[in-house]
Amino acid sequence: MFGSNGWRTAALSIAALAPHAMADICSTLKDGGIDIEYPLSVTYNSDLTKYWSAACGDLKPTCIAAPSSAAEMSQVIKNLHDVETLFAVKSGGHMPNNGFASIQDGLLVSTKNLDQIDYNHEDHTAIIGPGLSWEEAQKGLDGTGRCVVGGRLGGVGIGGYMLGGM
């Protein structure tokens, strides 16, 4: 059993390891080929301006991971399984609650590179990436005679809306 100083020492040790764990997940993902953005980079700062709620943009993640395929997203999730760290996933950034599409001192996983629109003319179906907004998805279907049914506001992200963040 720890004495009062023992608990304090243990808590401080754990707190000191938290930034190290975050640096490790960011490095691990970068080493695995995932696009990682760090503070002070232009893209990092630009991504933090793309929120419906300004309060979410005030939160500063340790790094932003932007996978560009389902395989890379799977790799991110598998790596998160092995660490105890805070993370959030951002699609369009319309969710106003802190910690949902934004995170302070944690990993932000952005779907911005998952922005494909693949329309199949034979069966009239489309595969639409979660990194798009509803407006972008509709524009991607221009000329097909089809439309998407979803969010009422064009700037709402497809991924968050489809997962119930409406």
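The values are calculated or read from the model by the stated rules, or taken from the named source; none is laboratory data. The shown structure was predicted, so the numbers you read here are calculated from the model rather than taken from an experiment. Neighbour counts are summed over all protein chains in view; Cβ atoms, including those assigned to glycine, are modelled from backbone coordinates with ideal geometry. For accessibility, only protein heavy atoms count, side chains too; no ligands or nucleic acids. Shrake-Rupley method; radii C 1.70, N 1.55, O 1.52, S 1.80 Å.
Phi angles of segment 63-68 translate, via the Karplus equation with coefficients 6.51, -1.76, 1.60 and θ = phi - 60°, into HN-Hα couplings of 7, 10, 9, 10, x, 10 Hz per residue; Gly and Pro are given as x.
Residue by residue through segment 94-102, what is 3J(HN,Hα) from phi via Karplus (6.51 cos²θ - 1.76 cosθ + 1.60, θ = phi - 60°)? Round to whole Hz and write x for glycine and proline. Once rounded to whole Hz, the list reads 8, 6, x, 7, 4, x, 8, 10, 8. Separation between the N45 and D142 pseudo-spin-labels, each 7 Å from Cα along Cα→Cβ, expressed in nm? Result for the modelled spin labels: 3.2 nm. Of the residues I128, N113, G157, the one whose Cα sits farthest toward the positive end of the charge dipole of segment 104-166, with +1 on the Cβ of Lys and Arg and -1 on the Cβ of Asp and Glu, is G157. Partner aspartates and glutamates whose Cα lies under 13 Å from the Cα of K50, excluding those fewer than 8 positions away in the same chain, are identified as D58.
Once the chain from Q104 to N120 is taken as fully extended at 0.36 nm per residue, the excess over their C-alpha distance is 1.7 nm. Heavy-atom accessible area with a 1.4 Å probe sorts H124, H81, H94, largest first, into H81, H124, H94. Note on L86 and D31: their simple-model spin labels are 2.6 nm apart, each label 7 Å out from Cα toward Cβ.
Size estimate for segment 111-155 follows the Kirkwood approach: the inverse of mean 1/r over distinct Cα pairs works out to 10.8 Å.
Using a probe of 1.4 Å on the protein chains alone, the accessible area found for K50 is around 110 Å².
Amide hydrogen proximity for V156: with H placed 1.01 Å from N in the peptide plane, the residues at 5 or more positions away or on another chain lying under 5 Å are W134, E135. For segment 60-148, GluC sites (Glu not before Pro) meeting the loop criterion (DSSP other than H, G, I, E, B) and having at most 15 other Cβ atoms within 10 Å: E84, E122. So in segment 43-131, what percent of DSSP beta bridges are antiparallel if you round to the nearest 5? Taking every DSSP beta bridge with both residues in segment 43-131, the antiparallel ones total about 35 percent.
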